[in-house]
Structure formats: C-alpha cells, structure tokens
Amino acid sequence: MNFVWISFIVVGLGIMLFKNVDIAFSTILTGSEKAIALTLKLWAIYAVWLGILKIVEDTGLNQKIGKLLNPIINKLFGKTDPETHNQIAINITSNLLGMGNACTPSGIKAMNGLSKGQDVITSGMIMLMILNTSSLQILPTTVIGLRVAAGSVNPNDIIFPTLFATFVSTFSGIMLCKLCEKFKNKRKKNGKSKSALPQPDANLEAKHIYK
Amino acid sequence: MQFSSYLIPILIILLVVYSIFKKNNAYNSFVYGAKTSFDLVLTSFPYLVAIFIAVELFSVSGLSKILGMALSPLFKVLGIPIELSELILLKPFTGCGSLAVLENIFATYGVDSYIARAGCAIAGSSEAIFYITAVYFSQTKVKKFSYGIPVALISNLLGVVAACLICKII
C-alpha cells in the first residue's frame, strides 16, 4: 500500500506542478475535509450496526449459525483439529454477518492453527484466505448506510446485486482454489515439481479432494 | 417500496424479539456494541485521510482520466464502465479507500445512477485482498502464497463483472 500511496502523491502533485500548482495544497485539504465528512457518516452507520451485532452475539445467534456451517467447513477444509475448526466457524460467521472486527482475530487464530508452525502454505490456508478476500457478507450494511446518507431514493435496491456479485466472486474463488489444488497435486504425483503443496494429513486430504 | 426495504426492519424486529426469549438485555447489548464504534472510527479515520488526499490529487491532476483511457479497451471487453476504474484498482489494497472513492462517485454521478449502483455492488462484494492477506498471515511463517493471490484477484474481477452486469439488468 505504501508504494501505491506514494505513487499517487508523487505523480499527482508532480503533474499539478506544471498544470495548476496554485490549487495543489487546497486539493490536499479538500481531501482531508472529505475524509472527516465520510468518517462522521461511517460513525453513524458503525454505531448502529455494532450495536445490533452485539445483540446477535449476546443472544448466541452467531454460534447457532456457526453450527449450521459445520458440513460446509468440513467440505472446504477437510480434517482439522477442533480448535481450528471452531475458529474457522467464528471467522466465517462473522464474515457473513459483517462483524468486521470479529473476523480478524478468529482469522489469524485459524490461520495459525492451519499452518501448524510450518513455513509452507497449505490448501486449507489458501481456502481461508480466498473466503476472506472474496466478501461473504450477506447484508452490505455500510454501503446501504452511505446510500441513505447520500439521499438515495431506494438505498436497499443494491442488496440483491451485491449478493449476486458476492456469490459469483466467492463461488469462483472456491472453484479456482479446488482446481489449482488438483493441478498441483497431479504435478506432485507425476514427480515433475518439488514445490507442490504439502498436505497436513495426506490420507484424509486426498480422500477429500478426489471424492 | 420494494421487498428489499422490508428486509432490515424485519430482521431487527426478529432479533429483538429473539433476545426476549433468550432473556438477554437487548438494550444493554446495543449500547455496549455502539460504544465500540468509537474504536473502529478512530482506527479508520487516519486511513481515510491518507486515501482521500491521494484520490483527490489523482483526480484533480487529471491522472484518473489518463488511467481510464489506458484501461478502456480492457474494461470495454469485460463490460465495466470506465468511471469505476479508480474504485476497481484501489479496492484490493484498501477497504477505506473504496469507500472514499464510492463517496466521490455518489457526488459526481448521483447516488441512484447506474455507475453509483454498480460501484456499490462492487464495494459491497469485495475485500481488500492484499491488506487481509498481510494481516491474516502476519503470525505464521508463510512467506509465499502459492496460487492464493492470483485466484483472489481473478475471482474478485469476476465479481466486478457480475456486479456491472446485474446492475444493468435490474
């Protein structure tokens, strides 16, 4: 991100030196002002949703959803130890519900559990990474909130398009993951590549892939 | 009013009623949860300032136009409007950044325009790939991500194409 930011600043200011240097600093201040305006809007949204999500958490509803996810987690990750399995369930549930700040700690713990202190990435770790980078959120609450603040006629009409796009990116991510995994394992079997992914539990994992 | 307008109010009613059955104090939970928004806002604010300044310089200097022109052939093939190029390029790096760009899109094209709606679907359906990868692997010894990053980028791009397509239809 550092590189991206620096190049935006250097190239942007660089061009303005020749084009419109008199408004260069005021442009920077405009950016900062806009950030404050957006922060206030976001604050209103976060306060409401974090309040609601806390009710979800305190009623134990998220754990119920987590239990429903067990078959899916088993299918995607194969055999994992109970603690890691639990952390994955918490991570996916909080992703689905949009509990941003609950995702990260559980995600890091799950990643640690999957890695078992090794320095090579496993297929399960990539799956967790893909699930987290392709959004899983069911209700795009922040975006809806921003639309309300911007005076949209129907702020909710993006729920379905967002769900559709989320589904496409997540589903294609999972499929591509499984495909790459298969391809790597095949290469490993043929002995052409030594860099193939190590399997944490070879028998169970293989059974799970070729099922 | 569409069906989707009922969704959030109904969910909230169900949740609060459920909390009565669970004998949970919903009011206390809500207040406690709302309090944590302080921390979230404080952490995201500095990022928003940094991103907004960069984005502002980017568009005022005319760079975004140049970039849009450079990308237009590729985007045309995929059915993505050029106006969304900034959003799509920044999104893998920063979640705050995509919200910042989205605000600019609302102001420029109108919140109910096709561009803004497609932008919403994109921002709501993706995450900051590089940021999340860095954080999640931060406590492991893993340095190489194998096919992880390419798969994440490709599936995100497919999500973008899907978002632009579906917003055109409905």
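The values are calculated or read from the model by the stated rules, or taken from the named source; none is laboratory data. What you see is a predicted model, and the numbers here were worked out from it, not measured in a lab. All Cβ positions, even for glycine, are placed from backbone atoms using ideal geometry, and neighbour counts span all protein chains on display.
Do the conditions hold for B:C164, that is, is it more than 7 Å from chain A (Cβ to nearest Cβ), surrounded by 22 or more Cβ atoms within 10 Å (Cβ to Cβ) and at pLDDT 90 or above?
Numbers: more than 7 Å from chain A (Cβ to nearest Cβ): yes; surrounded by 22 or more Cβ atoms within 10 Å (Cβ to Cβ): yes; at pLDDT 90 or above: yes.
In short, yes.
Hey, does the stretch A:98-115 have a residue that's surrounded by 21 or more Cβ atoms within 10 Å (Cβ to Cβ), polar (S, T, N, Q) and not in a helix (DSSP H, G or I)?
no
Are any residues in the stretch A:77-125 over 24 Å from A:K184 (Cβ atoms), in contact (Cβ under 8 Å) with a residue 40 or more places away in the chain and touching a Phe, Trp or Tyr at 6+ places or on another chain (Cβ under 8 Å), and if so, which ones?
Answer for the stretch A:77-125, where residues must be over 24 Å from A:K184 (Cβ atoms), in contact (Cβ under 8 Å) with a residue 40 or more places away in the chain and touching a Phe, Trp or Tyr at 6+ places or on another chain (Cβ under 8 Å): just A:G98.
Given B:L84, B:L90, which one is modelled with pLDDT of 90 or more and surrounded by 19 or more Cβ atoms within 10 Å (Cβ to Cβ)?
Numbers: B:L90 fails: modelled with pLDDT of 90 or more.
Only one candidate passes the filter, namely B:L84.
Consider only pairs whose beta carbons are under 9 Å apart and that are at least six residues apart or on different chains; among these, list those whose first residue lies in the stretch B:1-29 and is within 9 Å of chain A (Cβ to nearest Cβ) and whose second residue is of a type in the set (D, E) and exposed (fewer than 14 other Cβ atoms within 10 Å of the Cβ).
Within 9 Å, no pair qualifies.
State yes or no: is B:G119 crowded, with 24+ Cβ neighbours inside 10 Å, touching a helix residue (DSSP H, G or I) at 6+ places or on another chain (Cβ under 6 Å) and farther than 15 Å from A:T166 by Cα? It would help to see each step written out before you state the result.
Working: crowded, with 24+ Cβ neighbours inside 10 Å: yes; touching a helix residue (DSSP H, G or I) at 6+ places or on another chain (Cβ under 6 Å): yes; farther than 15 Å from A:T166 by Cα: no.
Here the answer is no, as B:G119 does not meet what is asked.
Just one of the numbered conditions (1) under 17 Å from A:V148 (Cα atoms); (2) assigned to a helix (DSSP H, G or I); (3) among the β-branched types (V, I, T); (4) within 7 Å of chain A (Cβ to nearest Cβ) is not true of B:V111; which one?
(2)
Within the stretch B:114-128, which residues are farther than 15 Å from B:P81 by Cβ and either facing chain A (nearest Cβ under 7 Å) or in a helix (DSSP H, G or I) (or both)? Break it down stepwise before answering.
The initial filter retains those residues of the stretch B:114-128 that are farther than 15 Å from B:P81 by Cβ, namely B:124-128.
B:G124, B:S125, B:S126, B:E127 - these are the residues of the stretch B:114-128 that are farther than 15 Å from B:P81 by Cβ and either facing chain A (nearest Cβ under 7 Å) or in a helix (DSSP H, G or I) (or both).
Surrounded by 16 or more Cβ atoms within 10 Å (Cβ to Cβ) and of a type in the set (S, T, N, Q), is that true of B:S19? Before the answer, list the steps.
Details: surrounded by 16 or more Cβ atoms within 10 Å (Cβ to Cβ): yes; of a type in the set (S, T, N, Q): yes.
Criteria met by B:S19.
Could you tell me which numbered condition B:D39 fails, if it satisfies all but one of (1) among the acidic types (D, E); (2) crowded, with 16+ Cβ neighbours inside 10 Å; (3) facing chain A (nearest Cβ under 10 Å)?
The single condition B:D39 does not satisfy is (2).
Please enumerate the residues belonging to the stretch B:129-160 that are more than 7 Å from every other protein chain (Cβ to nearest Cβ), closer than 25 Å to A:N156 by Cβ and surrounded by fewer than 22 Cβ atoms within 10 Å (Cβ to Cβ).
The answer is none; no residue qualifies.
Any idea which residue in the stretch A:1-43 is nearest to the other protein chains (Cβ to nearest Cβ), counting only those that are of a type in the set (D, E, K, R) and crowded, with 17+ Cβ neighbours inside 10 Å? Write out each step before concluding.
Within the stretch A:1-43, the subset of a type in the set (D, E, K, R) is A:19, A:22, A:33-34, A:41.
Next, from what is left, pick out any that are crowded, with 17+ Cβ neighbours inside 10 Å: A:34, A:41.
Values: A:K34: 5, A:K41: 8 Å.
Out of the qualifying residues, it is A:K34.
Of everything in the stretch A:116-128 that's crowded, with 19+ Cβ neighbours inside 10 Å and assigned to a loop (DSSP other than H, G, I, E, B), which residue is nearest to the other protein chains (Cβ to nearest Cβ)?
Taking the candidates together, the pick is A:I121.
Somewhere in the stretch A:66-74, is a residue more than 9 Å from chain B (Cβ to nearest Cβ) and charged (D, E, K, R)? Walk me through how you get there before you give the answer.
Residues of the stretch A:66-74 that are more than 9 Å from chain B (Cβ to nearest Cβ), as a first pass: A:66-74.
Now drop any that are not charged (D, E, K, R), which leaves A:67.
Checking the stretch A:66-74: at least one residue is more than 9 Å from chain B (Cβ to nearest Cβ) and charged (D, E, K, R).
Out of all the residues in the stretch A:156-169, is one or more crowded, with 20+ Cβ neighbours inside 10 Å, modelled with pLDDT of 90 or more, among the small types (G, A, S) and under 19 Å from B:G95 (Cβ atoms)?
Yes, the stretch A:156-169 contains at least one residue that is crowded, with 20+ Cβ neighbours inside 10 Å, modelled with pLDDT of 90 or more, among the small types (G, A, S) and under 19 Å from B:G95 (Cβ atoms).
Considering only residues that are more than 7 Å from chain B (Cβ to nearest Cβ) and aromatic (F, W, Y), look in the stretch A:129-171 and name the one that is farthest from A:A37 (Cα to Cα).
The residue in question is A:F171.
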